[in-house]
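Enquirer: Okay, here's the structure, questions in a sec.
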Amino acid sequence: TIDLYYSADNGLSWNIIELAVKNSGKYNWKINENMKSSNQYKIKVQSNVNSNIFDVSDGSFSIDGAKQAFNIITPNGGDLFYTGTSTFIYWENIIKNIDKVNIYYSIDNGANWIVISEQVDNTGKYNWPISKSVKSSRKCLIKITSSNNSRYIDTSDTVFRIK
């Protein structure tokens, strides 16, 4: 197995992507939506048996990170909702000229997102009918993005519960 790291500052500091990864010659890196924009990213692949055995990407690459365009008011953590009911999602606009938004929920702390509705008028509120088919979870989040630019985003600060 190997350890994988990334750097946003041309290798001056390193952050863990994943440790003890199977050394298969490939890895599907799911880039975090909240990573900062930079053109100085590098990858390091390192032996987890001997840290002197490693390789770093020759050149730098860019990640164009997300920009907070909204401030989700609710649900924003600690809430409890029940399937078969509805609740309002409320948000404030930080970037003012966004006409339409897409709204998503996650039941696995943001690993996967499910569409609630797309091309919603950006009024700062949406009535979400929580279908009975939504699985119970203590790791739920809401995400709002601009319909025209998915980098304009906000997610719930902490998880809420659907029962």
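Enquirer: Looking at the stretch 58-81, is at least one residue closer than 30 Å to residue 129 by Cβ and free of Cβ contacts under 8 Å to residues at least 40 places away in the same chain?
Expert: As a first pass, look at the stretch 58-81 and keep what is closer than 30 Å to residue 129 by Cβ: 66-81.
If we keep only those that are free of Cβ contacts under 8 Å to residues at least 40 places away in the same chain as well, we get 73-74.
Checked the stretch 58-81: at least one residue is closer than 30 Å to residue 129 by Cβ and free of Cβ contacts under 8 Å to residues at least 40 places away in the same chain.
Enquirer: Of the residues 145, 83, which is in contact with a strand residue (DSSP E or B) (Cβ under 8 Å, 6 or more places away or on another chain), part of a loop (DSSP other than H, G, I, E, B) and hydroxyl-bearing (Ser, Thr, Tyr)?
Expert: Numbers: 145 fails: part of a loop (DSSP other than H, G, I, E, B).
None of the other options fit; the residue is 83.
Enquirer: Follow-up question, since we're still on this one. Cβ-Cβ distance below 7 Å, separation of 6 or more or different chains: which pairs start in the stretch 116-138 with a residue that is more than 14 Å from residue 106 (Cα to Cα) and in contact (Cβ under 8 Å) with a residue 40 or more places away in the chain and end on one that is surrounded by 12 or more Cβ atoms within 10 Å (Cβ to Cβ) and of a type in the set (Val, Ile, Thr)?
Expert: 132/83
Enquirer: Taking the conditions exactly as written (under 21 Å from the mean Cα position of the chain (by Cα) and without any contact (Cβ under 8 Å) to a residue 24 or more places away in the chain), does residue 28 satisfy them or not?
Expert: Details: under 21 Å from the mean Cα position of the chain (by Cα): yes; without any contact (Cβ under 8 Å) to a residue 24 or more places away in the chain: yes.
Yes; evaluated as a whole, the condition is true for this residue.
Enquirer: Does at least one position in the stretch 1-8 carry a residue that is open to solvent by 80 Å² or more (accessible area, probe 1.4 Å), at pLDDT 95 or above and among the aromatic types (Phe, Trp, Tyr)?
Expert: Here is the first cut: in the stretch 1-8, the ones open to solvent by 80 Å² or more (accessible area, probe 1.4 Å) are 1.
With at pLDDT 95 or above added as a condition, the list becomes none.
Checking the stretch 1-8: not a single residue is open to solvent by 80 Å² or more (accessible area, probe 1.4 Å), at pLDDT 95 or above and among the aromatic types (Phe, Trp, Tyr).
Enquirer: Any residue at all in the stretch 51-61 that's closer than 30 Å to residue 3 by Cβ, open to solvent by less than 30 Å² (accessible area, probe 1.4 Å) and either modelled with pLDDT of 95 or more or touching a Lys or Arg at 6+ places or on another chain (Cβ under 7 Å) (or both)?
Expert: Of the residues in the stretch 51-61, the ones closer than 30 Å to residue 3 by Cβ are 51-61.
If we keep only those that are open to solvent by less than 30 Å² (accessible area, probe 1.4 Å) as well, we get none.
The answer is no, given that none of the residues of the stretch 51-61 is closer than 30 Å to residue 3 by Cβ, open to solvent by less than 30 Å² (accessible area, probe 1.4 Å) and either modelled with pLDDT of 95 or more or touching a Lys or Arg at 6+ places or on another chain (Cβ under 7 Å) (or both).
Enquirer: Taking the stretch 117-142 only, how many residues are within 18 Å of residue 74 (Cβ to Cβ) and part of a strand (DSSP E or B)?
Expert: Step one: list which residues in the stretch 117-142 are within 18 Å of residue 74 (Cβ to Cβ), which gives 117, 120, 122-130, 134, 137-142.
Filter once more, keeping what is part of a strand (DSSP E or B): 117, 120, 125-129, 137-142.
Residues flagged as within 18 Å of residue 74 (Cβ to Cβ) and part of a strand (DSSP E or B) within the stretch 117-142 amount to 13.
Enquirer: Okay, next question. Open to solvent by 70 Å² or more (accessible area, probe 1.4 Å), out of contact with any Lys or Arg (no Cβ under 9 Å at 6 or more places or on another chain), in a loop (DSSP other than H, G, I, E, B) and not basic (Lys, Arg): which single residue out of 16, 98, 31 fits that description? Working first, answer last.
Expert: On the way: 16 fails: in a loop (DSSP other than H, G, I, E, B); 98 fails: open to solvent by 70 Å² or more (accessible area, probe 1.4 Å).
Only one candidate passes the filter, namely 31.
Enquirer: Here is a further query. If you check residue 50 against the conditions, is it outside any strand (DSSP E or B) and farther than 16 Å from residue 158 by Cβ?
Expert: Working: outside any strand (DSSP E or B): yes; farther than 16 Å from residue 158 by Cβ: yes.
So residue 50 fits the description; yes.
Enquirer: Looking only at residues in the stretch 101-116 that are of a type in the set (A, V, I, L, M) and in a loop (DSSP other than H, G, I, E, B), which one is farthest from residue 78 (Cα to Cα)?
Expert: This residue is 111.
The values are calculated or read from the model by the stated rules, or taken from the named source; none is laboratory data. What you see is a predicted model; the values in this text were computed from it and never measured. Neighbour counts run over all protein chains shown; Cβ positions are idealised from the backbone, glycine included. Surface areas here come from the heavy atoms of the whole protein model, side chains and all, with no ligands, DNA or RNA. Shrake-Rupley method; radii C 1.70, N 1.55, O 1.52, S 1.80 Å.
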